[in-house]
Amino acid sequence: MTKKPTYEELIQRVKELENESLKHKWVEEALRESERRYRDLYENAPNAYFSVSALNGSIVRCNSAAVRLLGHDKKTIVGMKVLDLYAETPHGLLMAKEVFNRFKEGESIRDAELQMKHKEGYPIWVSLSVEPVRARDGTITESRSMVIDISDRKRLET
């Protein structure tokens, strides 16, 4: 048979539970702030960021710099096939397909120079870096991709 707690023991337990509840609230608040700061960092980064599905090549997420770079609004970009964003030039679509296949095989790509296309149709030289994102079981689910506009540098090189 179990002994019934005393009034003092019950009061002590209530205080312990209140403290635990307060700690949880602090942790939840810290997590919300961390998420807000992450979203702000991602969304307002100076370089374009894309996440691309390894399964079908569709764009899952992008930031404001991607919108500025390509001239499309975010609703248009998200859901597009990433290969549709590359120019029909020697350094465009064909090279982008090669990079996409390397990513799907698990390779990290650093500073690949390709040509994307602006909404208005003109080519944009970019430096592309891609890191595969893996699920817990090791399968590649999507990319973490950064795109830097290098058009000015390429114009100076010619």
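The values are calculated or read from the model by the stated rules, or taken from the named source; none is laboratory data. Worth saying up front: this structure is predicted, and the values here are computed from it rather than measured. FYI the Cβ positions are ideal-geometry reconstructions off the backbone, even for glycines, and counts take in every protein chain you see. Just so you know, the surface numbers come from the protein's heavy atoms only, side chains and all, with ligands and any DNA or RNA stripped out. Shrake-Rupley method; radii C 1.70, N 1.55, O 1.52, S 1.80 Å.
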Out of all the residues in the stretch 82-116, which are in contact with a strand residue (DSSP E or B) (Cβ under 6 Å, 6 or more places away or on another chain), within 18 Å of Asn63 (Cα to Cα) and either open to solvent by 50 Å² or more (accessible area, probe 1.4 Å) or assigned to a helix (DSSP H, G or I) (or both)? Val82, Leu85
Among the residues of the stretch 131-154, which ones are in contact with a strand residue (DSSP E or B) (Cβ under 8 Å, 6 or more places away or on another chain) and either free of Cβ contacts under 8 Å to residues at least 60 places away in the same chain or exposed (fewer than 11 other Cβ atoms within 10 Å of the Cβ) (or both)? Glu131, Arg134, Ala135, Ile150, Ser151, Arg153, Lys154
For the stretch 1-80, which fully contained helices (runs of 4 or more DSSP H) count at least 3 residues that are open to solvent by 100 Å² or more (accessible area, probe 1.4 Å)? 7-43
